[in-house]
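Peer 1: Let me give you the structure first, and then I'll get to my questions.
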Amino acid sequence: MRRKRAGLGVHQLTLVAMDAGPFGAKGEALRGGGRRGEGLCRRAGEVSQPISRRLVALKGVILAAGKGTRMLPLTERRPKPLVPVLDRPMVDHIVLGARDAGVDHLALVIDYLGEMIQERYGDGSALGLRIEYIWQAGAKGTGAATLLAADFVGDEPFFLSWGDIIVAPETYANVLRIWAEEQPDAILSLNWVADPWEGAAVYVDQAGYIERIIEKPPRGQSTTNYNNAGIFVLRPEVFEVLRECPVSPRGEVEFPDAVKALMARQRRIRGVEVIGYWSDVARPSAVLDLNSTITQFRSEDGIIVEAGAEVDPGATLTAPVFIGQGCRVGAAEIGPEVSLGPDTMVGAGARLRRVATFGGSGIGEGCVLENVIVEEGVTLAGANVAGTDETPEAIPTPAGAGR
C-alpha cells in the first residue's frame with residue numbers, strides 16, 4: 001500500500017491555528033493563501049483544563065428539526081442531522097462533543113423524519129446521557145424552535161447548538177471552560193470567514209466580548225471576519241426575550257433578534273472562536289469537503305485506516321483518505337478526498353477521487369468515480385460516474401432496501 005500526501009486546494013475548509021494573544025490567543029485562519037484574522041481561542045490540543053462533568057454540568061438543546069432542502073437528494077430518506085459525515089451521522093459529532101465537554105442532559109428538537117433520530121438515540125443511556133425529544137410542527141425559525149425548550153431548560157443556564165453545525169470536539173470543551181471561568185451572561189461562538197456578508201458580521205472588543213452584530217452586511221464593507229457560528233451557552237432570560245421578538249418578514253422568529261435584544265439590555269456576551277474547523281454542511285458538496293478536512297485534522301499524514309479494515313499492498317492512497325471499519329480495498333487508486341464508510345468493498349483497478357460512501361456498498365473492479373456520494377447498500381459494476389465540484393453525483397440506496 002502506497003501512501004501519498006496531497007493538498008486540498010479549493011475544497012479545504014477553514015482550519016484555525018493559534019498564536020499567543022493579549023486576552024487568550026490570536027487566531028490564524030488557514031484557507032488557501034493563509035490569511036490571518038483575530039482569534040478568540042487556543043490551538044487544538046492546547047485547551048487548558050478540558051472541561052469535565054465534575055466542573056460544570058449543563059442541559060443542552062440541539063435544533064434538529066430542519067428538512068435540509070439544500071441537502072437533497074441525501075435527505076429524501078433521512079433527516080439532515082442523520083446525513084453521514086466521515087464515520088457517523090452529523091448530529092453524532094454534536095451529541096458526543098457536547099457530552100464529552102460536560103452536557104449531561106439533552107433535548108433534541110425534531111420534526112422531519114424525527115422518529116429516525118429517536119430510534120438512533122433512544123433515551124441516551126447507551127451514550128451515558130439523558131435524551132428527551134421535543135417535536136416542532138413545521139419550520140417557524142430558530143427562535144421559535146429554541147423557545148420550545150423553555151420547560152425542559154427550566155431556570156438554569158444551558159448549551160444550544162444548531163443541528164447541522166460541525167466543529168472539532170475541542171471547541172465544545174473550550175466554550176464550556178470559558179463559561180465556567182468567566183461566567184458571562186451568554187456565549188456566542190464565532191467562525192472566521194473571508195467576508196461575513198452572507199451571515200452576520202460580529203464585532204468584538206479586546207476582552208473578547210461582543211460589541212455589535214450586523215445582519216447581512218453589504219458585501220466587502222465589513223471590518224470584521226467573524227460570523228455567528230451557531231453554538232451558544234445561554235441563561236433562561238433568552239426565553240423571555242424570544243417571546244417579545246417580532247415575527248420576521250419570512251414569518252419566523254429569528255434567534256439573532258434575541259441576541260440583539262440581550263445586547264440592548266447591556267448583557268455581557270462573550271465571543272469564542274471555534275477551534276480547528278467549522279461547517280454548516282449546507283449541501284452535498286460540503287459533506288465531501290468536511291470529510292477531507294476532519295481527516296486531515298485527525299491525522300498527521302491525512303490518511304486514516306480504521307481497525308478491522310483491510311487494504312491491498314498494491315493499493316495507492318493519496319491523502320486525504322479515510323477508510324472505515326470493516327472495509328476491504330483491493331489494488332485500487334483511492335484519493336485524494338475519499339471517505340469510505342464502514343463495510344465498503346472496493347475492487348482492484350477502481351479509481352476513486354473526491355468520493356464518499358455511506359457504508360455497506362460494493363464498488364467493483366475498474367469502477368471510476370469522481371465527485372460522487374454513494375449511499376448505503378449500493379453495488380456498482382463497471383461504473384464510470386462523475387459529478388462536479390459544486391454538484392456531486394449522488395447514487396441512492398436501491399429501492400426496497402429499507403432505510
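Computed from the coordinates by the stated procedures, all read-outs in this text should not be read as laboratory data. Everything numeric here is computed off the predicted structure, so don't read it as measured data. Every residue, glycine among them, receives a Cβ derived from its backbone with ideal geometry; neighbour counts consider all protein chains shown.
Peer 1: Can you pull the one-decimal nm distance between simple spin-label points at Glu306 and Glu181, each 7 Å off the Cα toward Cβ?
Peer 2: It is 3.4 nm.
Peer 1: Below 8 Å between Cα atoms, with a sequence gap of 6+, how large is the relative contact order for the chain in percent?
Peer 2: Computed value for the chain: 16 percent relative contact order.
Peer 1: Answer rounded, prolate or oblate for the range 194-260, using the Cα gyration tensor with square roots of eigenvalues a ≥ b ≥ c: rounded when a/c is under 1.5, else prolate when a/b is larger than b/c, else oblate.
Peer 2: Oblate, since a/c reaches 1.5 and b/c is not below a/b.
Peer 1: What number of lysine-lysine pairs in the chain show an alpha-carbon separation below 29 angstrom, given a sequence spacing of 8 or more or placement on distinct chains?
Peer 2: Number of lysine pairs found: 16.
Peer 1: Next question. In the neighborhood of Pro256, defined by Cβ-to-Cβ distances under 14 Å, what is the net charge if each Lys or Arg adds +1 and each Asp or Glu adds -1?
Peer 2: After counting each charged neighbour, the total is -1.
Peer 1: Find the centroid of the Cα atoms in the range 343-365 and in the range 146-175, then give the distance between the two in whole Å.
Peer 2: Here the two parts' Cα centres lie 36 Å apart.
Peer 1: What are the principal axis extents of the Cα atoms in the range 302-395, in Å, biggest first?
Peer 2: Principal axes ranked by extent give 31, 26, 21 Å for the Cα atoms.
Peer 1: Another question about this same structure. Mind checking which of Trp135, Ala286, Tyr112 is farthest towards the positive end of the chain's charge dipole, using Cβ charges of +1 (Lys, Arg) and -1 (Asp, Glu) about the Cα centre?
Peer 2: The residue sitting most towards the positive pole is Ala286.
Peer 1: Could you check which residue among Asn174, Asn384, Asn191 shows the biggest mean-square fluctuation in a GNM of the chain with a 10 Å Cα cutoff?
Peer 2: Asn384
Peer 1: Once the convex hull of the alpha carbons of the range 79-179 is built, what does its volume come to per residue, in cubic angstrom?
Peer 2: Considering the Cα atoms of the range 79-179, their hull volume per residue is 103 Å³.
Peer 1: Among 351-363, 233-245, 113-125, what's the highest-first ranking by average C-beta atoms within 10 angstrom per residue?
Peer 2: Peptide ranking by packing, descending: 351-363, 233-245, 113-125.
Peer 1: Could you tell me the center-to-center distance, by alpha carbons, between the range 204-235 and the range 97-136 in angstrom?
Peer 2: The range 204-235 and the range 97-136 have Cα centres spaced 29 Å from each other.
Peer 1: Jot down the per residue volume, in cubic angstrom and as a whole number, of the convex hull over the alpha-carbon atoms of the range 149-254.
Peer 2: 133
Peer 1: Ok, one more. Considering the alpha-carbon set of the chain alone, what are its Rg and its Dmax in angstrom?
Peer 2: Both quantities, over Cα of the chain: 21.3, 65 Å.
Peer 1: Per the helix-only calculation at 222 nm, which mean residue ellipticity applies to the chain, given -39500 (n - 2.57) for every DSSP H run of n ≥ 4 and division by its residues, nearest 500 deg cm²/dmol?
Peer 2: -5500 deg cm²/dmol
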